[in-house]
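The values are calculated or read from the model by the stated rules, or taken from the named source; none is laboratory data. In this text the structure is predicted, and so the values were computed from the model without any measurement. Cβ sites come from the backbone with ideal geometry, for glycine too, and all protein chains shown count toward neighbours. For accessibility, only protein heavy atoms count, side chains too; no ligands or nucleic acids. Shrake-Rupley method; radii C 1.70, N 1.55, O 1.52, S 1.80 Å.
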Amino acid sequence: MRSGVGFSQGLRRKLGDGPAWTVEALRQVRYQVIQSDNLFSPDNRHLLDSSEDTPLRSGDRRLIIIDSNVDSHHGDRIRHYFDHHGVAVTIVPLRADELVKEWDSVSRVVDAMNEFTLDRRREPVLAIGGGVLTDIVGFAASLYRRGTPYVRIPTTLVGLVDAGVGIKTGVNYGAGKNRLGTYAPATVTFLDRSFLRTLDLRHISNGLAEILKMALIRSEDLFALLESHGTAVRADRFQGSTGELAGAGDAIISEAIHLMLEELHPNLWESVLERSVDYGHTFSPTIEMHTLPELLHGEAVMIDMAVTTALATLRGDMSEKQAERVYTVASTLGLPLWNDALAVPSLLKDALQDTVRHRDGQQRLPLPLGIGRHHFVNDVTETELREAVRLLRRQVQDLFPAHADRFGPLQVDA
Ligand SMILES: NC(=O)c1ccc[n+]([C@@H]2O[C@H](COP(=O)([O-])OP(=O)(O)OC[C@H]3O[C@@H](n4cnc5c(N)ncnc54)[C@H](O)[C@@H]3O)[C@@H](O)[C@H]2O)c1
Ligand SMILES: O=C(CO)[C@@H](O)[C@H](O)[C@H](O)[C@H](O)COP(=O)(O)O
Ligand SMILES: [Zn+2]
């Protein structure tokens, strides 16, 4: 064997007429998720000191891609921070919402990287924004010169508890939700809840849907926290305005992230396709794209969780009482339990088929077992889905009769 080549003579085989080689290598991944409220307060040194390989020093320069809405609310203090620390920043505001989560936006980020003449190893790009912005920038960074480091600073609740902590990047393509993407961790994500101050309540609810997902599959305690404090921490936008709100907000966010990372960490590249964090993400990609821009990501996830809660009830995996608790919590968190897309003939069937293609030929559908536990099933039928939709409609009408006028005609038999 030639030394240092990286494969051994033992891997050299004769297959048919010529030689053949098998190359195997492991790549370690290491990234940090650091809570740092008021990250851009001039005396906060997290951003300067925490990036182990690429600390930020006076005289350095950085490219920042920022969600244009975040720029209008927070741009001044961000500029002041870098100015104060002698870092020369080029700030590129980018529109970033689900309607522009597309290839063109990736291309804009790549243009900005080219114009900046980015040093591909030593100048991590900073991505400041919601899940759409960090997914776009992460995708562009993973493509640029085959991979350049980036740092995430999520500014929405979805970003803080979900999009900002895993390693998936991507954009939509045609009707396909996140159809293009890569696995590319940010070197570090900073979680700064002060950004949530300017986020409207609908988007706080949107993030609470992903937290509720973690509670339903993993933790009855987290569910109980949402039951007891969800409404108040939502109204407070997780700003910890009183001691009690601070305690509850801290517990809810850190538990949701901890559970998420426990699930993601052993399976970062999704070699195992039975993923509990896919709960709420079986039908929702199709529902979200079908209704775009009506439903936010978390709202579509909630509709999926509402149907699958009904499904679990039909199967005897959840009691009617437990389902009622789920629907009540969702409603107090400002989340929808119904959308007329559920009544569109064959939408759920098509959604399931597409998900089966995504999950290597099987449903691998995470379903709740009571509250806080789950299992995976592969045998959901179209008839069962129709029954679940009917049951959901009836349960929601019984629980919230005042909302009955929000339901369109039910044509699930068509
Ligand atoms: N990569 C992942 O693992 C992962 C996980 C979950 C979700 N996602 C993706 O995240 C996306 C949803 O992200 P999102 O919910 O953050 O939505 P978003 O990024 O669209 O942000 C929501 C809206 O709020 C604005 N905004 C952002 N921060 C703000 C702030 N602090 N103050 C005021 N306005 C602000 C944005 O401009 C946008 O209009 C979806 O596309 C979803 O697929 C990705
Ligand atoms: O994978 C994560 C986070 O990294 C999940 O929390 C999150 O819900 C994902 O968006 C869903 O699993 C959907 O994934 P995909 O369909 O985009 O592959
Ligand atoms: Zn999601």
Test of understanding: in a Gaussian network model of the chain with alpha carbons linked when under 10 Å, which of 92, 377, 329 would top the mean-square fluctuation ranking? 377
If I stretch the segment between residue 349 and residue 274 completely, what's the gain in nm (0.36 nm per residue apart, minus their alpha carbon distance), one decimal? 25.0 nm
Give me a comma-separated list of calculated 3J(HN,Hα) values for segment 202-212, in order, Karplus coefficients 6.51, -1.76, 1.60 applied at θ = phi - 60°, integers in Hz, x for any Gly or Pro. 4, 6, 5, 4, 3, x, 5, 4, 5, 5, 4
Hey, could you grab the Kirkwood Rh for segment 32-199? Inverse mean 1/r over distinct alpha carbon pairs, Å, one decimal. 15.6
So the FRET efficiency between residue 45 and residue 107, C-beta based with R0 = 51 Å and rounded to 0.05, is 0.90
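If N is the number of residues in segment 145-280, what value comes out of its Cα radius of gyration divided by 2.2 N^0.38 Å? Show your work: numbers first, answer last.
Numbers: Rg = 15.5 Å, N = 136, 2.2 N^0.38 = 14.2 Å.
The value comes to 1.09.
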With a cap of 16 neighbouring Cβ atoms within 10 Å, and only residues DSSP puts in a loop, list the GluC sites (Glu not before Pro) found in segment 57-129. 102
What is the sum of charges around residue 359, taking Lys and Arg as +1, Asp and Glu as -1, for the other residues whose C-beta is under 12 Å from the C-beta of residue 359? -2
Gyration tensor on Cα atoms of the chain, a ≥ b ≥ c root eigenvalues, a/c under 1.5 rounded, else prolate if a/b beats b/c, else oblate, says oblate
Excluding residues fewer than 8 places away in the same chain, name every one of the lysines whose C-alpha is closer than 28 Å to that of residue 321. 213, 349
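Starting from the Cα-Cα distance between residue 182 and residue 53, subtract it from 0.36 nm times their residue separation and give me the gain in nm to one decimal. Don't skip to the answer; put the middle values down first.
Details: separation 129, 0.36 × 129 = 46.44 nm, distance 2.24 nm.
So the chain would gain 44.2 nm between residue 182 and residue 53.
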Residue by residue through segment 352-358, what is 3J(HN,Hα) from phi via Karplus (6.51 cos²θ - 1.76 cosθ + 1.60, θ = phi - 60°)? Round to whole Hz and write x for glycine and proline. 5, 4, 5, 5, 4, 5, 6
Label-to-label distance, nm, for residues given as residue 254 and residue 100 (7 Å Cα→Cβ offset): 3.7
Starting from the Cα of residue 145, step 7 Å toward the Cβ, then list every residue of segment 89-133 with an amide N under 16 Å from that point. 110-126
Rounded, prolate or oblate for segment 202-406? Axes are the square roots of the Cα gyration tensor eigenvalues, ordered a ≥ b ≥ c, and the cut-off for rounded is a/c under 1.5. oblate
Under-5 Å amide H pairs with residue 191, H placed in peptide plane, nonlocal only: 34, 35, 36
Could you check the spin-label model distance between residue 328 and residue 80? Points 7 Å from the Cα along Cα→Cβ, value in nm. 4.6
I'd like to check one number: the per residue accessible area of segment 32-199, probe 1.4 Å, reported in Å² as a whole number. 41
For residue 220, project a label point 7 Å along Cα to C-beta. Then give me every residue of segment 294-325 with its amide nitrogen under 14 Å of that point. 318-319, 321-323, 325
How much of the DSSP bridge set in the chain is antiparallel, in percent, rounded to the nearest 5? 35
Evaluate the distance, in nm, between pseudo-label points positioned 7 Å from the Cα of residue 373 and of residue 22 along their respective Cα→Cβ axes. 4.0
